[in-house]
C-alpha cells in the first residue's frame, strides 16, 4: 500500500507498542506508571505553586526552576494519553495528525528542557563566579528574554522537522517501538528516502542537547575553579551545595536522552525491551525526580512545602 504525502496521509495510522513480550501483564504495569505520572504532575505542580505564591522565591534561580517544572509537567501530560491507553485499554492505533502533534510536543519540550538546564548552569556560574553582579545581570526582564529565546529556539528547530516529515510516504507496517510518537521511530516506518530526515534529526540533536551539554560542562569547570579558590572550607561547601540539585537534574535528563538516541541510531540489534526501558527512563525520570531533588536539596523550597502542609493540617 502506497500512501501519498499530500493526499491520503491524513488517514494514516500507526500502531503503538507497550512492553514487548509482556503484553499480558500490561494492566499490572499500568499501576506503577500511573503512580509515577501522579508523582510527576503533583510534584511539578507543587513546585510551581510554591514559587508563584512565595515572594521570597521570586528570584532568577527559582524563575528558571519554575520553567523546568512547567516543561516537565507538560512533557508528562503529552505522553499520558497514549502510554496509559496502551497499558490500560490496549488502544494501540494512533492517527497521523495526533501522532505528529505528540511528536512535536515531545521534541519541543525536550529542546526546552535542555535549554532551561543550560540557563540554570549560567545562573549558577554568575552566582558563584561573579556574585556582585548577579542582580544586575540576571534581572527579571533578562529572565523573560531568556524564556522567549528558549521557546523560539525550540520552535525554529521543530519547524523543519515537521516540513521534512510531510514529504515522506508510508507503505509498510507502521508499528512504532514505543507507546508514544518519536521522530526516529516514525521515519523508520517510511518507504521514502529518509536520509535527509535522519541527517536533520541528528543535526537537531547535536545543535540542542549536543551543544548544551558541553556548555554546561564548561560552566561547571569555571564553577569548580572558583569554588576551590574560596579560602573557607565552609563557604566552599556552601557554594558548591547550591549546585547539587542542578547537577542531579542534568544527569537524569542527559543520560537517558543519550541512551535513547544511541539505541535508535546504533542499537538495531538490541532486544526490544532495551528500547522500552530507555524510552520510559527518558520520559519519566526527569519529571518524577526533579521535584524530589529540588524539594530535598533546596532549603527554601523544602521549607515552603512544609509550610503548605502544616497550614493544611490546621
Kindly provide the set of residues from segment 21-55 that are over 24 Å from the mean Cα position of the chain (by Cα) and either under 20 Å from residue 75 (Cα atoms) or outside any helix (DSSP H, G or I) (or both), ordered by number. 21, 22, 54
Can you say whether residue 89 is over 18 Å from the mean Cα position of the chain (by Cα), surrounded by fewer than 21 Cβ atoms within 10 Å (Cβ to Cβ), over 30 Å from residue 247 (Cβ atoms) and free of Cβ contacts under 8 Å to residues at least 12 places away in the same chain, as far as the supplied structure shows? yes
Those residues of segment 74-83 that are in contact with a helix residue (DSSP H, G or I) (Cβ under 6 Å, 6 or more places away or on another chain) and under 17 Å from residue 19 (Cβ atoms) come to a total of 2
Only helices (runs of 4 or more DSSP H) wholly contained in segment 68-168 count here; list those with 1 or more residues that are within 19 Å of residue 254 (Cα to Cα) and at pLDDT 95 or above. 96-129, 140-166
Does residue 104 satisfy the condition of being farther than 30 Å from residue 57 by Cα, crowded, with 20+ Cβ neighbours inside 10 Å and out of contact with any strand residue (DSSP E or B) (no Cβ under 6 Å at 6 or more places or on another chain)? yes
Residues of segment 63-82 being over 23 Å from residue 170 (Cβ atoms) and touching a residue at least 40 places away in the same chain (Cβ under 8 Å), which ones? 63, 64, 65, 67, 68, 69, 71, 72, 73, 75, 76, 80
Residue list for segment 170-202, filter: assigned to a loop (DSSP other than H, G, I, E, B), in contact with a strand residue (DSSP E or B) (Cβ under 9 Å, 6 or more places away or on another chain), modelled with pLDDT under 90 and crowded, with 16+ Cβ neighbours inside 10 Å: 174, 176, 189
Based on this model, can you work out whether residue 51 counts as over 30 Å from residue 136 (Cα atoms), surrounded by 16 or more Cβ atoms within 10 Å (Cβ to Cβ) and in contact (Cβ under 8 Å) with a residue 12 or more places away in the chain? no
Only unsatisfied item for residue 135, checking (1) over 22 Å from residue 218 (Cβ atoms); (2) buried (at least 17 other Cβ atoms within 10 Å of the Cβ); (3) in contact with a helix residue (DSSP H, G or I) (Cβ under 9 Å, 6 or more places away or on another chain), is (2)
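The values are calculated or read from the model by the stated rules, or taken from the named source; none is laboratory data. Bear in mind the structure is a predicted one, so any value in this text is a computation, not a measurement. Every residue, glycine among them, receives a Cβ derived from its backbone with ideal geometry; neighbour counts consider all protein chains shown.
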